[in-house]
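Taking it in order: structure first as structure tokens, then the write-up.
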Amino acid sequence: MQKSEIKTTCSYCGVGCGIIVTNDPKNGVSVKGDVNHPVNKGMLCSKGMNLHYVVNDTSDRILYPEMRWSKSHPKERVSWDTALDRAAAVFSSIIKKHGPDSVGFYISGQCLTEEYYLVNKLVKGFLKTNNIDTNSRLCMSSAVAGYKKTFGEDSVPIAYDDIELADTFLITGANPAWCHPILFRRIEQHKEKNSKVKIIVIDPRRTDSAIAADLHLQIVPGTDIILYHALGKRLIEKGYADNDFIKNHTENFNLYKDLVMSSSLEKASKLCGISVNDIKLAADMIGKAKGFLSLWAMGLNQSAIGVDKNTALLNLSLLTGHVGKPGSGPFSLTGQPNAMGGREVGGMANLLAVHKELNNPVHRKEVADFWGIEDEISEKPGLTATEMFDALESGKMKAIWIICTNPLVSLPDSRRVEKALANAKFVVVQDISHNADTSKFADLLLPAAGWLEKEGTMTNSERRISYLPKGINAPGEALSDVEILTRFAKKMNFSGFNFNTPEDVYKEYCLMTKNTTIDISFLNYNRLKNEGTFQWPVPDYGHPGTPRLFADKKFYTPSQKAIFNIPTAIENTSEQPNNQFPYILTTGRIRDQWHTMTKTGKVSRLMTHIPSPVLEINPIDAYKASINNGNIVVVTSKNGTVRVKAKVSDTIREGVLFLPMHWGKQLENDLNRTNNLTNTLVDPVSKEPDFKYTTVSVSKYVKP
Ligand code: SF4
């Protein structure tokens, strides 16, 4: 075999960097940044540049299907036919006995668009349940709901090229310097060349993003909306509102104006823990901006009031008219490589493909007709991520099929997830490696092909669709997810799954987008292979794609106007600190790890940055609790305990603690699993968990 080179896309975060992969039969796979790629222009972050280690090391891979005939039996190797016959038999029997809603699928923002589309068709169209949700529920569902409420549909309006056209960046609830490094590098490079560029960061922690900022507003967790309203008030008072835009292209402004004008900068200053002067400074920077980009991620989304936080932030873009023009707009940062693709194909319990709504009977019929289904798609909303595990625990749901995600480590309140999985009658885990802690609960373990071992498409945070070619064969008997799902559908005797390749699936999906807001009906694998990436919509053969939405100021609402939303909750509805649990724990990512470390955890270079989880604690809090830097501490919430080293640092606010989210059982026990602690509250609309606000206590660990 000859040395070969292919172009593909990084499989980690939603930035979607272009990668050139060299496959050398002697030395294995190596990677480098694609200098011609519009996203990263040759740059890669630490995770991307070490991606080849994950591919070359197959020692942890699941090589063939493994199954246990009963809970008391060990798993044994079986053939694909035996595995999928049994999956079909068990799912059919459970559905027959307990109804379609007794089963569910829990999938991932790392699935390719074809896989996402196919499994949604299978579950919503043919298994007749809407119990299919994705781990994107944990990161982007509040942003989806916020966009829908403001613009009428889930629509990220910007392009990354707006970075170089903007002069003011408001980064709030995000640390792109670590979590979206290549985008942050583009912002830094732009600032290096242009002294007028200003960066404002809102974060309870002094992160690397905050250190690079002109102004860091180190707020009390949960007070974001209060701050945004104070900014809104100041912008109106100083005459920075874009009155033409507001009058001609928005609704509800007077209600919004009444609300923010009744707020007080002094009160906001007290509640948010930042000075009035800094609020004024931030408002003046935003008000004077020629191009204003607001960037946010989990700090807003993962909250019991995540949707309100999103709409309150979006209101600032409407107020200043910074939507649909170069260098301006709201810019949600997607955590996973294909969270956006999943949204397009309706990959959530409450959605249907091509931005159609499950609660709309016309939409349900359109989708059913397209799929050739005689009876209707169920109108009953499916269970969301956390709800599915509640239903497993209570016994309402009997079986779950988990694809490419590790809920035992990533969902809130891990002990509850453990109980739910132990209580399930039948658990299928379809994944690439044995590293996911969840797999120990599998009754059926299915080996899936990983990145580079299958073809398909993904969409990044700026709606850019990339084609990912297959470069190498999967080890052992691993199959692509499309093939596994198609074979299962055939075992179930479902029609409509005569797909021989992912391209067949993509063709069907592209056809479905015709005349919708994400129209890519003129896109196909050939164009993606030959012409490169495209931002949707691509509504014509010669169309180059659409970098920026709403250039015509026509939004997707019935009136074609954007909506100022009034939050139902302004103050945080999370459980508040008390005598027993006096600290607020916030969780998040570190620079060199990805999700639950099933991939990055096996790359020794990536383990050198932060080799084990540490609790960040402010020196004043540490002093009060007699904790020194490096001490082992016990963190306790009402749900559980974590035991980790303390890192005493003034980068975090007094009263707030931080733990990285990544570790599961990689260390000696599961006492470093952060989600042992996290609470089970979710946003009432988006159902996204409240990861950023759990009340805890902390003390020095004393050996028993
Ligand atoms: Fe991959 Fe994201 Fe890093 Fe780019 S920024 S190389 S997409 S992990």
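Data table
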quantity: Distance violations [Cα-Cα > 19 Å] among 233/257; 270/290; 247/553; calculated: 270/290
quantity: Contact order relative to length of the range 4-56, as percent, for alpha carbon pairs under 8 angstrom and 6 or more apart; calculated: 30
quantity: Rg to Rh quotient for the chain, alpha carbon positions, Kirkwood Rh; calculated: 0.95
quantity: Packing-based exposure ordering (other Cβ within 10 Å, fewest first) of 223, 501; calculated: 501, 223
quantity: Rounded Å value of the spacing that divides the Cα centres of the range 11-68 and the range 510-535; calculated: 25
quantity: Out-of-range pairs (alpha-carbon distance over 30 Å; input 96/149; 149/529; 665/687; 148/191); calculated: 96/149; 149/529; 148/191
quantity: Built amide H within the under 5 Å cut-off of residue 352, gap 5+; calculated: 357, 358
quantity: Residue order, fewest to most surrounding Cβ atoms within 10 angstrom, among 60, 443, 369; calculated: 369, 60, 443
quantity: Inter-probe distance in nm under a simple model that places probes 7 Å from Cα toward Cβ, at residue 41 and residue 638; calculated: 5.1
quantity: In the range 352-453, GluC sites (Glu not before Pro) in a DSSP loop with at most 10 other beta-carbon atoms within 10 Å; calculated: 374
quantity: 222 nm mean residue ellipticity, helices alone, for the chain (DSSP H n ≥ 4; -39,500 (n - 2.57); rounded to 500); calculated: -8500 deg cm²/dmol
quantity: Excluding exposed DSSP-loop chymotrypsin sites (Phe, Trp or Tyr not before Pro) (at most 12 other C-beta within 10 Å), longest clean stretch of the chain; calculated: 70-540
quantity: Extension gain, residue 68 back to residue 1 (0.36 nm per residue minus Cα-Cα distance, nm); calculated: 20.3 nm
quantity: Restricting the range 151-239 to trypsin sites (Lys or Arg not before Pro) in coil, as DSSP defines it, with at most 11 other Cβ within 10 Å; calculated: 196
quantity: Sequence of 242, 690, 308 once ranked by neighbouring C-beta atoms within 10 Å, starting from the fewest; calculated: 242, 690, 308
quantity: Bridge type composition, the range 560-678 - antiparallel percent by DSSP, nearest 5; calculated: 45
quantity: Computed over the range 354-414: relative contact order in percent, which uses C-alpha pairs under 8 Å that are six or more apart; calculated: 20
quantity: Distance between the range 293-352 and the range 75-137 - C-alpha centres, whole angstrom; calculated: 29
quantity: Long pairs among 398/692; 32/507; 7/47, criterion Cα-Cα beyond 27 Å; calculated: 398/692; 32/507
quantity: Considering only the chain, percent of DSSP beta bridges that pair antiparallel, nearest 5; calculated: 50
quantity: Approximate spin-label separation residue 360-residue 264, in nm, with each point projected 7 Å along Cα-to-Cβ; calculated: 4.4
quantity: 12 Å beta-carbon shell around residue 137, net charge (K/R +1, D/E -1); calculated: -2
quantity: Trypsin sites (Lys or Arg not before Pro) within the range 54-149: DSSP coil, no more than 13 neighbouring Cβ in 10 Å; calculated: 71
quantity: Normalised contact order of the range 501-651, rounded percent, pairs of Cα under 8 Å and 6 or more residues apart; calculated: 11
quantity: Descending Cα extents along the principal axes, the range 583-700, whole Å; calculated: 39, 38, 25
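Throughout, read-outs are computed from the coordinates displayed, never taken from laboratory work. The structure displayed is predicted, hence computed values, not measured ones. Methodologically, a virtual Cβ is constructed for each residue, glycine included, from the backbone with ideal geometry; neighbour enumeration extends over all protein chains shown.
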